[in-house]
């Protein structure tokens, strides 16, 4: 029985299992649901054991548990693949906007509605079906690659213990490639692979001036105004072309290849529709780049908040004593968040006028961007696997923000490949989350082919 | 008996009367003290009647009463002079910082401590002593000018009914020159006259962008950010030389004369001391002007407040839906506040990028600047009168902000002359307000000489 036939034959069983898992409200951000996250880990461990994984463990953390499973290839020289996903889910507020109960999984047409259906339980579970299908098709009793699964339980609450967990288990997690199944495709009829995610670092900048708010009648126009200086500072973050103008900010940037830009240009992008999603009436950004390139390929500086002086009603003619701003920088491959922080600190110092004192406070070490190497064997294998499953060309996308993926690449030293079948319209993080069951089956099929391709069997 | 001898002979009587008046807590900003403001008006009316003014009236307003008094010159062709002052006082908080009770007037050395001693009861009352001295010296039973006094009761709470009061009584207030006794001199040993006050207009600017806060990972760098646009807008309010860069803002500006700039340069200005007063460590301002010129002679734009996006603790990577700023513009003679508002509105529209919507809300019609004509007879007479009283050259100053003075000039169509003997160190509006009694006597003397000079008697 070939891969696709096996998967189709086990469709109902797969959906039934997934519903069982989705019924567990594993909301990691809500302490009241922490026992459910533990139950969810247990359920997954049992399911992977039943699937045939010889090693299945629930890994405790100072927070909520992850699940680790391993199924060695028969050939000790076969590559090792680590699949990453998560079994915790987002909260469900506002719950009254759900058409059916978020934890009573409900099929309507090809869609399966439930919190976590797309993000990420459905996309974790298709791997179990995928490996079963690969074995059924080959008749072997071990997969063509050594398959490891690491499914964390705190992704929706910031993955706070995940990096430490990986560091503590670096040897057991060692792999040749990490497969991330927690992203989306362009559209159901436009299968695509995510090949990169921007990183981020954020800073709070404060400028301090007069020892107290001054009356602007007496002093206005003769001492430096922290809000004016902050406006100059923030205005200077970009040049006239909308490019970040902090000296040294772009150090190390690895530009996207022309091939990738060409493939991005082939995506059926509707800017009007995108603007509607962005609740905006016009685009803006770095000259020379399309909207998708601005979101995916370009590093940015974004002012997230700003305050100072009199912000209440009515007028109050003061020269304020201080000004504050929060700025986040989206980073692209090649940028080191700590170097960016250093350059931002230097920029702030350089533009702070005499008479003001600047403070910069960074929100942690930041997150590196991650990207797949488009010329790598693993990437080509994954693309080929998806093309076999979908029967059409697979395009490339990126994502504008990121989760713990860069940590996976950094800590495990493995290239990333994103294999996922979620859709933007799946309403992850929102009421009425759903997943397309036919796409989950394509995901399972893609996974099965990927193990073949990587194991040299395909 | 000459003017000075008369004044010295009546010193104790003057101080005794002033103490009586200062004991009335006429705080206009505090409704609990409104009966005291009424008592204060009554006290002044009685005092002016006792001084010999033939006409003394308490003028009611929708708020607190003003006092009007008139003493016609014997010569019907003599000029008419209107003296402006106020009989209400500032609140006394924090009252525990007063060394003696603010409404128990206390002499220590040459100083008389009480709320209102300098601002403005002492400076109103010296006019009564001044006219008595002028009459005693001349032996006449009417002053050499027709003398009108208008002493309002709401100056410290915004003079809200004062313009209407003047308009309603324009005929009775008609005058050839208005003498304002509510400012300060440079120092006790550096007598000076204020010859101008900046005007002001203020605006709240709002920029609206996305219909909701957007996730900057998904949208950052591809839609216009209202805080970035606001930073650009505010940064563009000044050019590189610190000059206001709003096109048309300077329309009509009447530059100060070189004579005035030369006289300002002769003031013994200690910039270190001034910086200490400003609780600042460096000056800033329009290139080509000294600190005093920046405060007194130059129109400015000052950002008083600004806010938008995430202002709480921690990071929140949003593209905010809106940004807001409060800006006030200090104006100089020749600038029309309504024209400035028009130019600011046009500037905001011009720099608002596509995709954002701008709103400008001005805080009322604004206040024109006012200035004395340095070549006018009245100004020369007042300077000469002060120089006779003080026995030394009188320099010129201006003030950076303004009260209702511009309305007086506008509504009554009279040139302004500032005759006042307060000091910056009098701590007006602060605990332990005081006045120098010898300076009040010099004020009375200056007033007596001024009536002589203006009446052609001197």
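The values are calculated or read from the model by the stated rules, or taken from the named source; none is laboratory data. Since the model is a prediction, treat every value here as computed from it, not as a measurement. Counting neighbours? That spans all protein chains shown, and the Cβs are built from the backbone with ideal geometry, glycine included.
Considering the conditions (1) touching a helix residue (DSSP H, G or I) at 6+ places or on another chain (Cβ under 6 Å); (2) at the interface with chain A (Cβ under 9 Å from one of its Cβ atoms); (3) at pLDDT below 95; (4) surrounded by fewer than 24 Cβ atoms within 10 Å (Cβ to Cβ), residue B:283 is excluded by exactly one of them, (3). For segment B:89-99, which positions are assigned to a loop (DSSP other than H, G, I, E, B) and surrounded by 14 or more Cβ atoms within 10 Å (Cβ to Cβ)? Once the filter is applied, which keeps residues that are assigned to a loop (DSSP other than H, G, I, E, B) and surrounded by 14 or more Cβ atoms within 10 Å (Cβ to Cβ), segment B:89-99 yields B:90, B:91, B:92, B:98. The number of residues in segment B:368-393 being in contact with a helix residue (DSSP H, G or I) (Cβ under 8 Å, 6 or more places away or on another chain) and surrounded by 22 or more Cβ atoms within 10 Å (Cβ to Cβ) comes to 10. Checked against (1) touching a residue at least 60 places away in the same chain (Cβ under 8 Å); (2) surrounded by fewer than 20 Cβ atoms within 10 Å (Cβ to Cβ), residue A:58 passes all but a single condition, namely (1).
For residue A:330, the conditions (1) surrounded by fewer than 24 Cβ atoms within 10 Å (Cβ to Cβ); (2) at the interface with chain B (Cβ under 8 Å from one of its Cβ atoms); (3) touching a helix residue (DSSP H, G or I) at 6+ places or on another chain (Cβ under 8 Å) all hold with the exception of (1).
For segment B:233-245, filtered to residues that are in contact (Cβ under 8 Å) with a residue 40 or more places away in the chain and in a helix (DSSP H, G or I), the residue that is farthest from residue A:398 (Cα to Cα) is B:234. Residue count for segment B:162-176 under the criterion of being surrounded by fewer than 24 Cβ atoms within 10 Å (Cβ to Cβ) and either at pLDDT below 95 or within 30 Å of residue B:437 (Cβ to Cβ) (or both): the result is 2. Taking each residue of segment B:163-179 that is within 12 Å of residue B:70 (Cβ to Cβ) and looking for partners that are part of a loop (DSSP other than H, G, I, E, B) with beta-carbon atoms closer than 7 Å, six or more apart or interchain, yields B:175/B:414. Quickly run through segment A:290-318 and pick out the residues that are within 27 Å of the chain's Cα centre (by Cα), facing another protein chain (nearest Cβ under 7 Å) and outside any strand (DSSP E or B). Those that are within 27 Å of the chain's Cα centre (by Cα), facing another protein chain (nearest Cβ under 7 Å) and outside any strand (DSSP E or B): A:291, A:294, A:295, A:298. Spot the failing condition for residue B:163; the list is (1) under 21 Å from the mean Cα position of the chain (by Cα); (2) facing chain A (nearest Cβ under 9 Å), and only one is missed. Checking residue B:163 against (1) under 21 Å from the mean Cα position of the chain (by Cα); (2) facing chain A (nearest Cβ under 9 Å), the one that fails is (2). Residues in segment A:71-88: is at least one farther than 26 Å from residue A:6 by Cβ and surrounded by fewer than 24 Cβ atoms within 10 Å (Cβ to Cβ)? Taking every residue of segment A:71-88 in turn, at least one turns out to be farther than 26 Å from residue A:6 by Cβ and surrounded by fewer than 24 Cβ atoms within 10 Å (Cβ to Cβ). Taking the residues in segment B:180-202 that are part of a strand (DSSP E or B) and at the interface with chain A (Cβ under 9 Å from one of its Cβ atoms) as candidates, determine which candidate is nearest to residue B:254 (Cα to Cα). Here the residue is B:197. All of B:135, B:112, B:125, B:129 fail the test of being surrounded by fewer than 24 Cβ atoms within 10 Å (Cβ to Cβ), in contact (Cβ under 8 Å) with a residue 12 or more places away in the chain, in a helix (DSSP H, G or I) and in the same structural domain as residue B:438 (by the TED database), apart from B:135.
Scanning segment B:246-278 for residues that are crowded, with 16+ Cβ neighbours inside 10 Å, within 12 Å of chain A (Cβ to nearest Cβ) and part of a loop (DSSP other than H, G, I, E, B) turns up just one, B:278. For segment B:206-232, a residue qualifies if it is assigned to a helix (DSSP H, G or I) and either facing chain A (nearest Cβ under 8 Å) or surrounded by fewer than 22 Cβ atoms within 10 Å (Cβ to Cβ) (or both), and the qualifying residues are B:216, B:217, B:218, B:219, B:227, B:228, B:230, B:231, B:232.
Considering segment B:366-375, the residues that are in contact (Cβ under 8 Å) with a residue 40 or more places away in the chain and either in a loop (DSSP other than H, G, I, E, B) or away from every other protein chain (no Cβ under 13 Å) (or both) include one that is farthest from residue B:327 (Cα to Cα), namely B:374. Considering B:421, B:437, the condition of being more than 13 Å from the chain's Cα centre (by Cα), buried (at least 22 other Cβ atoms within 10 Å of the Cβ) and modelled with pLDDT of 95 or more is satisfied by B:421 alone. From the list A:45, A:41, which residue is without any contact (Cβ under 8 Å) to a residue 60 or more places away in the chain, surrounded by 18 or more Cβ atoms within 10 Å (Cβ to Cβ) and not in a strand (DSSP E or B)? Only one candidate passes the filter, namely A:45.
Filtering A:346, A:382 for residues that are more than 22 Å from residue A:253 (Cβ to Cβ) and touching a residue at least 12 places away in the same chain (Cβ under 8 Å) leaves a single hit, A:382.
Please state which one of A:414, A:358, A:420 is touching a strand residue (DSSP E or B) at 6+ places or on another chain (Cβ under 7 Å), assigned by the TED database to the domain that holds residue A:228, in contact (Cβ under 8 Å) with a residue 24 or more places away in the chain and not in a helix (DSSP H, G or I). That would be A:358, the only listed residue that is touching a strand residue (DSSP E or B) at 6+ places or on another chain (Cβ under 7 Å), assigned by the TED database to the domain that holds residue A:228, in contact (Cβ under 8 Å) with a residue 24 or more places away in the chain and not in a helix (DSSP H, G or I).
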